[in-house]
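The values are calculated or read from the model by the stated rules, or taken from the named source; none is laboratory data. The model shown is predicted, which means the values in this text are computed figures rather than measured ones. With ideal geometry, Cβ positions are generated from the backbone for all residues, glycine too; neighbour counts draw on all protein chains shown. What goes into the accessible areas is simple: the full protein's heavy atoms, side chains included, and nothing from ligands, DNA or RNA. Shrake-Rupley method; radii C 1.70, N 1.55, O 1.52, S 1.80 Å.
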Amino acid sequence: MADEANRSAFMEIQGRMIELTGKLKQVQNQARNKEGEKKRAFLTLEELRPLPEDTNTYKSIGRTFVLEPKSVLENEQEQKLKDSEAAIASLQTSKEYLEKQIAEVESNLRELLQQDPGLARQIMSMTM
C-alpha cells in the first residue's frame, strides 16, 4: 500500500517537474524574442537619430511603405524599446519564480527517494 502511494507521489512529482520545465523553456524563449526586439529597436533608433529632420522616412506596413515623419518613427522605436525592457523584466521575474518552483520539486523528489530506496531502484531499473 505504501509502495503504491510512493509510486503515485513520484508520478505526480514527475508530472509537475515536466510541466514546470516546459513553462521555464517557454519563458526563456519569450525573453530571447524580446531581447531581439529590443536590439532591433535600439539599432533602428541609432540609425534614425543622425538623420536630418527633413529626411523622408518610411514605415513598413505589411508589404507597403508609408511616408512618416522622422519624429513619429523615433517615438515608435523608443516605445518598442521601453515595452521590450518592461517585458524582459517581467519575464525575468517569472523565470526566477519557476526556477524556485523547480528547486522545490527537486527537493520533494529527493526526499521521496530517500524515504523509499526501493522506489529509487524500481525507477532506475525502468530507465535502463
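Just to check your reading of the model, which residue among 125, 94 is outside any strand (DSSP E or B), among the polar types (S, T, N, Q) and modelled with pLDDT under 95? Can you show your working first?
Values: 94 fails: modelled with pLDDT under 95.
Sole residue among the options that is outside any strand (DSSP E or B), among the polar types (S, T, N, Q) and modelled with pLDDT under 95: 125.
Any residue at all in segment 105-119 that is outside any helix (DSSP H, G or I) and among the polar types (S, T, N, Q)? First the steps, then the outcome.
We begin by selecting, within segment 105-119, every residue outside any helix (DSSP H, G or I); these are 116.
Those left that are additionally among the polar types (S, T, N, Q): none.
No; the residues of segment 105-119 include none that is outside any helix (DSSP H, G or I) and among the polar types (S, T, N, Q).
Filter segment 19-59 down to the residues that are acidic (Asp, Glu) and open to solvent by 100 Å² or more (accessible area, probe 1.4 Å), then identify the one that is nearest to residue 89 (Cα to Cα). Steps first, answer last, please.
First, pick out the residues of segment 19-59 that are acidic (Asp, Glu): 19, 35, 37, 46-47, 53-54.
From what's left, open to solvent by 100 Å² or more (accessible area, probe 1.4 Å): 47, 53-54.
Numbers: 47: 26, 53: 33, 54: 36 Å.
Among residues in segment 19-59 that are acidic (Asp, Glu) and open to solvent by 100 Å² or more (accessible area, probe 1.4 Å), the one nearest to residue 89 (Cα to Cα) is 47.
Among the residues of segment 37-60, is any among the basic types (Lys, Arg) and over 24 Å from the mean Cα position of the chain (by Cα)? Walk me through how you get there before you give the answer.
Step one: list which residues in segment 37-60 are among the basic types (Lys, Arg), which gives 38-40, 49, 59.
Then keep just the ones that are over 24 Å from the mean Cα position of the chain (by Cα); that gives 49, 59.
Checked segment 37-60: at least one residue is among the basic types (Lys, Arg) and over 24 Å from the mean Cα position of the chain (by Cα).
I'd like the residue in segment 1-13 that is open to solvent by 60 Å² or more (accessible area, probe 1.4 Å) and assigned to a helix (DSSP H, G or I) and, out of all such residues, is modelled with the lowest pLDDT.
Narrowing segment 1-13 to residues open to solvent by 60 Å² or more (accessible area, probe 1.4 Å): 1-4, 7-8, 11-12.
Subset that is assigned to a helix (DSSP H, G or I): 2-4, 7-8, 11-12.
On the way: 2: 62, 3: 75, 4: 80, 7: 81, 8: 86, 11: 87, 12: 91.
Only one residue tops the list, namely 2.
When the residues of segment 98-128 are filtered to those that are exposed (fewer than 14 other Cβ atoms within 10 Å of the Cβ) and under 25 Å from the mean Cα position of the chain (by Cα), which remaining residue is nearest to residue 50 (Cα to Cα)?
99
State whether the residues of segment 63-82 include one that is open to solvent by less than 80 Å² (accessible area, probe 1.4 Å), in a helix (DSSP H, G or I) and under 30 Å from residue 115 (Cα atoms).
Checked segment 63-82: no residue is open to solvent by less than 80 Å² (accessible area, probe 1.4 Å), in a helix (DSSP H, G or I) and under 30 Å from residue 115 (Cα atoms).
Residue pairs, Cβ under 6 Å, 6 or more apart or interchain, first in segment 1-28 and more than 23 Å from residue 98 (Cα to Cα), second surrounded by 11 or more Cβ atoms within 10 Å (Cβ to Cβ) and of a type outside the set (S, T, N, Q). List them.
6/116; 6/119
With respect to residue 16, is the statement that it is closer than 30 Å to residue 110 by Cα, part of a helix (DSSP H, G or I), open to solvent by 60 Å² or more (accessible area, probe 1.4 Å) and among the basic types (Lys, Arg) true?
For residue 16, the condition - closer than 30 Å to residue 110 by Cα, part of a helix (DSSP H, G or I), open to solvent by 60 Å² or more (accessible area, probe 1.4 Å) and among the basic types (Lys, Arg) - is met.
At pLDDT below 95 and over 30 Å from residue 5 (Cα atoms), is that true of residue 53? So that I can check it myself, show each step before the final result.
Working: at pLDDT below 95: yes; over 30 Å from residue 5 (Cα atoms): yes.
It is true that residue 53 is at pLDDT below 95 and over 30 Å from residue 5 (Cα atoms).
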